[in-house]
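Right, one structure below, let's go through it.
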Amino acid sequence: MAGRPARRLAWWLVFLAQLAPLGYLIWAIPTHQLGYEPVVDSLRFLGQSALYLLLIGLAITPLQRLMPRLGLIDYRRMVGLYAFFYATLHAALWLIVDRQLELAAIWEDMLEREHITFGVIAFLLLLTLAVTSTKGWMRHLGRRWRLLHRLVYPATALAVFHFFLSVKLDTRTPLILAGVLILLLLARPLTRWWTGRRARH
Amino acid sequence: MPHRMRPPRAPRESEVTDPRLALNRPARRAFIRSVMGAGAALALPGCSRAAEDVPLAEQLTERKAVTGYNNYYELGTGKTDPKQNAGALAKLIERLDPWSVVVDGEVSRPGRFTLDELVGLHAPEERIYRMRCVEGWSMVIPWEGLPLKALLDRVEPTSQARFVRFETVYERDHPLPGQERQVLDWPYVEGLRLDEALHPLTLLATGVYGDPLPPQNGAPLRLVVPWKYGFKGGKSLVRISLVREMPTSSWMVAVPREYGFYANVNPNVEHPRWSQATERRIGEWGRRDTLMFNGYADEVASLYRGMDLKKHF
């Protein structure tokens, strides 16, 4: 195992790397890299950033089983919280800038536009997970904490579905992400079986 | 920021006309300068007063946005794809040179018109129109072109003609980048009722911002119907057919629940995906109220008298 300073450095690198999408966005909007509709362009970019981080987070557990020495599990909570961070920016931009905090319009969106309905549910699930991600809550909930945090799977699935519904016609990207999610769901039992087999030999 | 945009105030002439454009185009005064607005009558040639009466504070959308943020699925589904893939259409235009449009169907004098012949049918006009996309954004665009009516009058629709069908270029052997996948049912088809097509606001555009249309805006020739959602404006047209039956547009085939034949801009008819009550003008952060018929109600509402616009969306 690497020494303490190396691990500290790695932690900071991983921490800063996940700010890169935000840095990119701050550069890309005024230079029109993503288009000429800053609100919508940012919404899409922040939402996709959250989704990619959720999927990366879900890959950590199976990877940890395959390559325990890398210690990737140390980053799982951080990646999950970053996903929540981008999802929060995404939701805040929608509420404050796009809908200008007009409650009637927000309510109508939530009820009548299914992509928003699913997005809101996904966000509330992520909010629950973020709040209960602390050591205190882990202790407090005990065994139930693991069960609760399995909600990350439906939350991610809802987020992918939210993305799929919000796309006008070209659904390639959300479909690819749905495929990745299915692979990650399969990876859990597969890696458990694999590590179990290895342990027996 | 909780309140919506204030109702627009009257613009000055300088807000409606880009001065550079005015300077560059000496023939401008001869053009019909028309139609920015709610309640604005169609301005007549030489009638400069009309512009002062237009009750809307609206500025031209910057050229970079008009020519860099486009929905043109033949050149890709992303908003910046069409500009990036413009070269493919430029090449196709070169290969097909001279570009021509077949006008056929229920007409007494069908024919094939080259671009030059089309442009020669009518003195060029500049039209500054709002463009409202069904996705909830809008622009103000200075087009140049000729009224579609000039062409239709030339080919003399028969009494059987009730609709007009517009077809976008699709060379099976040389597909444009976006046509290599069946995202939409190629070729792109759009349609208008004959009276809509003959309406003086309906434009065959050949230029934008004082230049010939760039590929991403539908070079060399496209339809502009300012009171309808933008997708009604078929681009890079190769065939215009007068027909008896209502044409089925590509979007009606793709998502019938979301896109109807008429597609009139209407803040009261909800779209399942986007609210149509408001819109965001490109270049602005807030939202504006969407106007009935995109602000052209005085000119076009009579076309739909007695129709249930919720049903005929």
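When residues of the range B:276-307 are filtered for being over 21 Å from the mean Cα position of the chain (by Cα) and at pLDDT below 90, how many remain?
Final tally of qualifying residues: 4.
With respect to residue B:218, is the statement that it is away from chain A (no Cβ under 14 Å), under 15 Å from the mean Cα position of the chain (by Cα) and within 20 Å of residue B:146 (Cα to Cα) true?
yes
What's the number of the condition residue A:45 fails, among (1) more than 13 Å from chain B (Cβ to nearest Cβ); (2) under 30 Å from residue A:188 (Cα atoms); (3) at pLDDT 95 or above?
Condition not satisfied by residue A:45: (1).
Going through A:80, A:119 one at a time, which residue ends up being within 14 Å of another protein chain (Cβ to nearest Cβ), part of a helix (DSSP H, G or I) and at pLDDT 95 or above?
Being within 14 Å of another protein chain (Cβ to nearest Cβ), part of a helix (DSSP H, G or I) and at pLDDT 95 or above holds for just one of A:80, A:119, which is A:119.
Could you grab me the full set of residues in the range B:285-313 that are closer than 28 Å to residue A:40 by Cα and surrounded by 17 or more Cβ atoms within 10 Å (Cβ to Cβ)?
Within the range B:285-313, B:287, B:288, B:290, B:291, B:292, B:293, B:294, B:295, B:296, B:313 qualify.
Please find, among A:60, A:73, the residue that is within 30 Å of residue A:186 (Cβ to Cβ) and either of a type in the set (Phe, Trp, Tyr) or surrounded by fewer than 15 Cβ atoms within 10 Å (Cβ to Cβ) (or both).
Every option except A:73 fails the conditions.
May I ask you to say which residue of B:61, B:80, B:67 is polar (S, T, N, Q) and more than 18 Å from the chain's Cα centre (by Cα)?
Of the residues listed, the single one that is polar (S, T, N, Q) and more than 18 Å from the chain's Cα centre (by Cα) is B:80.
Residues to consider are B:65, B:161, B:88; find the one that is more than 24 Å from residue B:192 (Cα to Cα), modelled with pLDDT of 95 or more and in contact with a helix residue (DSSP H, G or I) (Cβ under 7 Å, 6 or more places away or on another chain).
Step by step, each of B:65, B:161, B:88 is checked, and only B:88 is more than 24 Å from residue B:192 (Cα to Cα), modelled with pLDDT of 95 or more and in contact with a helix residue (DSSP H, G or I) (Cβ under 7 Å, 6 or more places away or on another chain).
Filter the range B:118-149 down to the residues that are of a type in the set (Val, Ile, Thr), away from chain A (no Cβ under 14 Å) and either more than 12 Å from the chain's Cα centre (by Cα) or not in a strand (DSSP E or B) (or both) and list them by number.
B:119
Taking the conditions exactly as written (surrounded by fewer than 15 Cβ atoms within 10 Å (Cβ to Cβ), in contact (Cβ under 8 Å) with a residue 40 or more places away in the chain and out of contact with any strand residue (DSSP E or B) (no Cβ under 6 Å at 6 or more places or on another chain)), does residue B:168 satisfy them or not?
no
For the subset of the range B:246-258 comprising residues that are farther than 27 Å from residue A:43 by Cα and in contact with a Phe, Trp or Tyr (Cβ under 7 Å, 6 or more places away or on another chain), which member is surrounded by the most Cβ atoms within 10 Å (Cβ to Cβ)?
B:249
Consider residue A:100 against the criteria (1) part of a helix (DSSP H, G or I); (2) within 14 Å of another protein chain (Cβ to nearest Cβ): it satisfies all of them except one. Which criterion is unmet?
(1)
Give the residues of the range B:259-275 that are at pLDDT below 90 and either surrounded by 15 or more Cβ atoms within 10 Å (Cβ to Cβ) or of a type in the set (Val, Ile, Thr) (or both), sorted by residue number.
Result: B:270, B:271, B:273, B:274, B:275.
Any chance you could count how many residues in the range A:1-56 are in a loop (DSSP other than H, G, I, E, B), under 16 Å from the mean Cα position of the chain (by Cα) and not polar (S, T, N, Q)?
1
Determine whether the range B:92-111 contains at least one residue that is free of Cβ contacts under 8 Å to residues at least 12 places away in the same chain and closer than 20 Å to residue B:188 by Cβ.
For the range B:92-111, residues free of Cβ contacts under 8 Å to residues at least 12 places away in the same chain and closer than 20 Å to residue B:188 by Cβ: absent.
Return yes or no: is residue A:88 under 30 Å from residue B:276 (Cα atoms), at pLDDT 90 or above and within 13 Å of another protein chain (Cβ to nearest Cβ)?
Answer is no for this residue.
Identify the residue in the range B:247-290 that is among the acidic types (Asp, Glu) and closer than 15 Å to residue B:135 by Cα and, among all such residues, is nearest to the other protein chains (Cβ to nearest Cβ).
Only one residue fits best here, namely B:270.
Residues that are under 30 Å from residue B:156 (Cα atoms) and either in contact with a helix residue (DSSP H, G or I) (Cβ under 6 Å, 6 or more places away or on another chain) or within 14 Å of chain A (Cβ to nearest Cβ) (or both): does the range B:291-299 have at least one?
Yes.
The values are calculated or read from the model by the stated rules, or taken from the named source; none is laboratory data. Quick caveat: nothing in here was measured; it's all calculated off a predicted structure. For neighbour counting, all protein chains shown are included, and Cβ atoms are generated from backbone atoms with ideal geometry for every residue, glycine included.
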